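Accompanying notes for the structure given below.
The values are calculated or read from the model by the stated rules, or taken from the named source; none is laboratory data. Fair warning: this is a prediction, and the values are worked out from it, not measured in the lab. Please note: Cβ atoms are built from the backbone with ideal geometry, for glycine as well, and neighbour counts cover all protein chains shown.
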Amino acid sequence: MSSSAAMQPQMDLSAFQFIIATVDEQVGVIQLNRPDKLNAISIPLMIELVDCLDWMDKSDDVRCIIITGNEKAFAAGADIEQMAKATTMEMLLLDQFARWDRIRKIHKPIIAAVSGYALGGGCELAMTCDMIVASETAKFGQPEVNIGVIPGAGGTQRLTRAVGKAKAMEIILTGRMVTAEEALQCGLINKVAPVELYLEEAKALAKEIAAKPPIAIRLAKESILKSFDTTIEGGLDFERKAFYLLFASEDKQEGMNAFLEKRKPQFQGR
Ligand code: DAK
């Protein structure tokens with residue numbers, strides 16, 4: 001066994017109750033699996049999702065991750081049944097945001113493959129991913145005001161950055177649903193596909209990214225995300241350091257040699 005294989009964390013993918021996780025051709029797919037509740041994001045579901053993401057982030061077998069639901073729902077929000085009973089102190093002490101923060105810190109690219117409802121926390125989960133591929137039937141929305149709260153997992157920030165102030169105000173203050181076509185037009189998502197094909201499209205995109213050098217992909221993702229919370233000066237400085245860093249990678253040498261030798265590169269993630 002190689003030293004890298006010895007360091008691979010172990011995970012029994014068949015042991016999950018609220019998600020279905022698979023790995024194929026270096027793409028990890030996590031399907032949210034509470035179909036009778038439109039994949040409402042309960043705490044147990046969130047624990048499994050984050051544990052699985054953490055594992056996939058560390059696994060050498062995975063280079064790109066897809067989070068998906070089913071045809072009817074990506075996720076219709078956080079679990080209202082659980083929230084209805086919760087007090088302020090319980091919400092504070094549960095510190096569920098720590099789990100959402102862990103999703104934000106995953107190094108590998110994550111694609112949301114969305115069909116049906118992506119509402120509230122479901123829309124926020126999709127927006128926490130790096131790209132969104134949707135089916136023609138997808139419906140995005142932040143309907144929290146309808147139940148007396150506001151988006152709590154980044155919706156007011158990420159939606160505004162994605163679609164601009166005017167549109168974000170309209171979507172969040174009315175709580176209305178946005179079709180896949182409208183979401184595409186306003187820059188919330190990357191692509192719309194027929195419902196039979198959206199997952200295949202997401203997988204094709206994931207495989208394309210999985211074939212690239214993993215460390216360059218990681219640093220490119222990190223640099224793009226940096227642009228959301230820094231000045232242009234700070235962002236350029238970060239990008240420059242990341243660029244220099246890649247000259248220490250074997251994959252940089254392989255990529256440039258392969259180009260000069262007119263052959264396909266073999267990237268190892270080192
Ligand atoms: N929570 C719990 N159960 C839900 C649910 C939800 N968000 N959405 C649907 N369900 C359940 C329904 O109760 C129903 O269960 P049964 O009655 O059959 O047991 C089942 O799923 C099917 O739903 P419907 O019968 O309502 O199906 P319809 O096709 O008629 O309607 C719908 C679909 C999506 C329009 C409707 O279900 C709906 O409006 N759902 C609620 C959408 C919503 O308001 N979502 C936003 C929730 S607030 C946080 C992080 C995140 C958040 C908060 C805190 N922290 C880290 C602290 C996020 C908050 C939210 O997402």
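Within segment 161-183, the set of residues being crowded, with 17+ Cβ neighbours inside 10 Å and either in contact (Cβ under 8 Å) with a residue 40 or more places away in the chain or over 25 Å from T88 (Cβ atoms) (or both) comprises V163, K167, A168, I171, M177, V178, A180, A183. For segment 124-140, residues that are more than 8 Å from the ligand (Cβ to nearest atom) and closer than 26 Å to D95 by Cβ total 6. For the residues G175, G116, the requirement of being closer than 23 Å to V195 by Cβ, modelled with pLDDT of 95 or more and within 16 Å of the ligand (Cβ to nearest atom) singles out G116.
Is it true that A258 is hydrophobic (A, V, I, L, M, F, W, C), under 17 Å from the mean Cα position of the chain (by Cα), at negative phi and part of a helix (DSSP H, G or I)? When the stated conditions are applied, A258 does not pass them.
Residues in segment 153-181 that are small (G, A, S) and under 17 Å from the mean Cα position of the chain (by Cα): A153, G154, G155, A162.
Can you tell which of A204, A242 is part of a helix (DSSP H, G or I), within 30 Å of A138 (Cα to Cα) and either more than 25 Å from the chain's Cα centre (by Cα) or of a type outside the set (S, T, N, Q) (or both)?
The unique qualifying residue is A204.
Assessment of segment 48-64 against the conditions (part of a strand (DSSP E or B), buried (at least 22 other Cβ atoms within 10 Å of the Cβ) and in contact (Cβ under 8 Å) with a residue 12 or more places away in the chain) yields at least one matching residue.
Each residue in segment 68-82 was checked for being assigned to a strand (DSSP E or B) and more than 12 Å from the ligand (Cβ to nearest atom), and 1 of them qualify.
No other residue among G152, G187 is within 16 Å of the ligand (Cβ to nearest atom), surrounded by fewer than 19 Cβ atoms within 10 Å (Cβ to Cβ), not in a helix (DSSP H, G or I) and not aliphatic (A, V, I, L, M) apart from G152.
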